[in-house]
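Below is one structure, written out as structure tokens; the observations come after it.
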Protein chains: 2
Amino acid sequence: MNSPVRPFPPLDHTHGLVEMVHGAGGRAMTQLVREIFVTAFDTPALRRGDDTARVPIPPGRLVLTTDSYVITPRIFPGGDIGSMAVHGTVNDVAMSGAQPLYLSAGFILEEGLPLSELAWIAGTMARAAHEAGVAIVTGDTKVVERGGCDGLFITTTGVGVLTDDRVDIAGDRARPGDAILISGTLGDHGIAVMSQRENLSFDTPILSDSAALNGLVERMVAAVPDIHVLRDPTRGGLAATLNELADQSGVGMVVRETALPVRPEVRGACELLGLDPLSVANEGKLIAIVPAEHTDTLLAVMRDHPRGHHAALIGEVIADPDHIVQLETALGGRRIIDWLAGDPLPRIC
Amino acid sequence: MNSPVRPFPPLDHTHGLVEMVHGAGGRAMTQLVREIFVTAFDTPALRRGDDTARVPIPPGRLVLTTDSYVITPRIFPGGDIGSMAVHGTVNDVAMSGAQPLYLSAGFILEEGLPLSELAWIAGTMARAAHEAGVAIVTGDTKVVERGGCDGLFITTTGVGVLTDDRVDIAGDRARPGDAILISGTLGDHGIAVMSQRENLSFDTPILSDSAALNGLVERMVAAVPDIHVLRDPTRGGLAATLNELADQSGVGMVVRETALPVRPEVRGACELLGLDPLSVANEGKLIAIVPAEHTDTLLAVMRDHPRGHHAALIGEVIADPDHIVQLETALGGRRIIDWLAGDPLPRIC
């Protein structure tokens, strides 16, 4: 018999780098998972060390959603890939009206990524999850050789439960006559990331709006259970989201340009960069489509919440066999808001 | 008013390539998702076109697991990254004794990936899910520019439910005196992938054992609800898995070399490549740790199932404050089975 196996020395969180062995399923991987992820996320299911989490779930309909995050740069004004991977997936669960409960997180790491950056990102994920009231209960780590991926990709999956049988919020439920509301200003996330990427600086710094919206949605659904549609206008911005919803529901839409909330500094940056704020990504905003009679109630609830101070009625759903989204311009004309053919801001989420 | 927006022409599934616009959140992305993923997976939740799936769930404990797949080559003898992304995650859910029900799938695609390959992989995922009795109900697609990732990464998350309150299967439940069983031969997956990677050919072709084990587990748990541990020995092989379990449970283990089922052709390939079959990955095998009195019952059930024909009793759990896993060699000696310090087979799953 040889002598007992010696434990590894602790990870060097200051100067250490991710190595291939950290994804090999052996002792080094277990150490990385324990010292970085279990320490940050600190949930009983993770501490137990199994590949799966077993967690209680209240009765109701299960809501499941997943999103991969490949944003570059990974750290930007107002957030980073970690906080976003939590906010984005929490929000997708919330957009069904469900209460988000649990997250899983799959990490694909490039050999050579600084452990200090990984620990930082795990920390922001943990804080974002705590603030949103969700637990990160299981995960996975893979390492690819240098050049095999761009630093760090995160895929989060969110699980929630819909306990109120009356709630039926879905993209195919917009009806002619419904009001279209937005929870706040457009384009903040995309412009914050773009300014970091292009090394632009503005007199007023533009921060990403990345935030969890489940608290806001909970209030909205409690006040108006008959909300027809909720959707967060992320990739492709308001333009892509409204077109997708018009297509899903088989309706047209009219949006009033003068009603759209856009920060002056974002509008200025968009002009500088040749971007349309309608097509720029948001990460902490939602669109609500509701029977028109609920407009005032819902706007009041939204404006009373920190994530909905700038909520506004921006337009209405109309009957249209061509499912076109129209913009009523400041001058009273109308133009089509098309889905973008190209991609002005790749790797935005 | 302009004329209505023209629909895109259909994707060119033969010669088309993934483009950045397929990840941009607009019309091209919707088209890719519909023509490739919704067509292949064909579940009502996906067809509805929302970012989230709402699905029924029976009462019980929820089981959640996630895994990212970065294997290279993406297509190998006996499977591909798609079938594996289903099998691996279904198996992780099953290793808790739960019934796997739903999967989500997040795709990170490299610009330039042939659409024909993506459609092929979506097809094998769909077939694997169908065979395992699970539904792929939601997903996400991101595209990174050429060089931003290595072709295609898939992250699947599995959801299952544990309906039998008696079942408590976890990695920290191995007890001294328990029997250690394996469901079949060791090393087939790793050697199949390695032979493809290194362009080796053998007289008897070696196929990956990639397969869903939930059917086998269902029978095992029905026969012996008091199974203590189930675990699939994937990355790092049997050696890493037993060490992880010894560590989690605070026990030692003794495994008999002569009892380990290894195909002669796999043993030969391992000798040729300088690999230890104990450290080579499996994708369709499980380890079961059970009170010794259930050994015969469980072996009979396992051998009666197509995924357990070569099931064998390979060793036992012992008390050991150092949590060492020992191999009793063919000659009667003992050596430590250590976790690998290095990584003989990177990107194996």
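The values are calculated or read from the model by the stated rules, or taken from the named source; none is laboratory data. Note that the structure is a prediction, hence the values are computed from the model and not measured. Neighbour counts are summed over all protein chains in view; Cβ atoms, including those assigned to glycine, are modelled from backbone coordinates with ideal geometry.
Restricting attention to region A:293-349, report how many residues are acidic (Asp, Glu), away from chain B (no Cβ under 14 Å) and more than 26 Å from the chain's Cα centre (by Cα). Walk me through how you get there before you give the answer.
Within region A:293-349, the subset acidic (Asp, Glu) is A:293, A:296, A:304, A:316, A:320, A:322, A:328, A:338, A:343.
Right, trim to away from chain B (no Cβ under 14 Å) and you get A:293, A:296, A:304, A:316.
Pick out the ones that are also more than 26 Å from the chain's Cα centre (by Cα) and you get A:293, A:296.
Number satisfying all stated conditions: 2.
Filtering region A:170-212 down to residues that are basic (Lys, Arg) and within 14 Å of chain B (Cβ to nearest Cβ), which residue is surrounded by the most Cβ atoms within 10 Å (Cβ to Cβ)? Per the stated criteria, the residue is A:Arg173. Restricting attention to region B:281-308, the residues being outside any loop (DSSP other than H, G, I, E, B) and not polar (S, T, N, Q) number 17. Taking the criterion of being in contact with a helix residue (DSSP H, G or I) (Cβ under 6 Å, 6 or more places away or on another chain), part of a loop (DSSP other than H, G, I, E, B) and within 8 Å of another protein chain (Cβ to nearest Cβ), the residues of region B:10-30 that qualify are B:Gly25, B:Gly26. Taken over region A:332-349, the residue count meeting the criterion of being among the charged types (D, E, K, R) and assigned to a loop (DSSP other than H, G, I, E, B) is 3. Just one of the numbered conditions (1) at pLDDT 95 or above; (2) surrounded by fewer than 22 Cβ atoms within 10 Å (Cβ to Cβ); (3) closer than 27 Å to A:Leu238 by Cβ is not true of B:Leu17: (3). When restricted to residues that are in contact with a Pro (Cβ under 6 Å, 6 or more places away or on another chain) and of a type in the set (Ser, Thr, Tyr), region A:235-284 contains 1.
Filtering B:Ala105, B:Ala94, B:Ala40, B:Ala45 for residues that are within 11 Å of another protein chain (Cβ to nearest Cβ), closer than 26 Å to B:Val21 by Cβ and out of contact with any Lys or Arg (no Cβ under 8 Å at 6 or more places or on another chain) leaves a single hit, B:Ala105. Apart from one condition, A:Ser116 fits all of (1) modelled with pLDDT of 95 or more; (2) touching a strand residue (DSSP E or B) at 6+ places or on another chain (Cβ under 9 Å); the exception is (2).
Looking at B:Ser96, B:Ser68, B:Ser116 in this structure, which one is in contact (Cβ under 8 Å) with a residue 60 or more places away in the chain, over 30 Å from B:Ala28 (Cα atoms) and among the hydroxyl-bearing types (Ser, Thr, Tyr)?
B:Ser96
Here A:Thr89 clears all of (1) touching an Asp or Glu at 6+ places or on another chain (Cβ under 7 Å); (2) at pLDDT below 95 except the condition numbered (2). Of all residues in region B:309-331, those that are surrounded by 13 or more Cβ atoms within 10 Å (Cβ to Cβ) and not in a strand (DSSP E or B) total 6. For region B:102-113, the set of residues classified as within 20 Å of B:Gly25 (Cα to Cα) and crowded, with 24+ Cβ neighbours inside 10 Å consists of B:Ser104, B:Ala105, B:Gly106, B:Phe107, B:Ile108, B:Leu109, listed by residue number.
Within region B:47-65, the set of residues being free of Cβ contacts under 8 Å to residues at least 40 places away in the same chain and of a type in the set (Lys, Arg) comprises B:Arg47, B:Arg48, B:Arg54. Looking across region B:71-82, the residues that are of a type in the set (A, V, I, L, M, F, W, C) and either touching a Cys at 6+ places or on another chain (Cβ under 8 Å) or closer than 17 Å to B:Leu200 by Cα (or both) come down to B:Ile71, B:Ile75, B:Phe76. Taken over region A:177-203, the residue count meeting the criterion of being outside any helix (DSSP H, G or I) and either under 19 Å from the mean Cα position of the chain (by Cα) or free of Cβ contacts under 8 Å to residues at least 24 places away in the same chain (or both) is 9.
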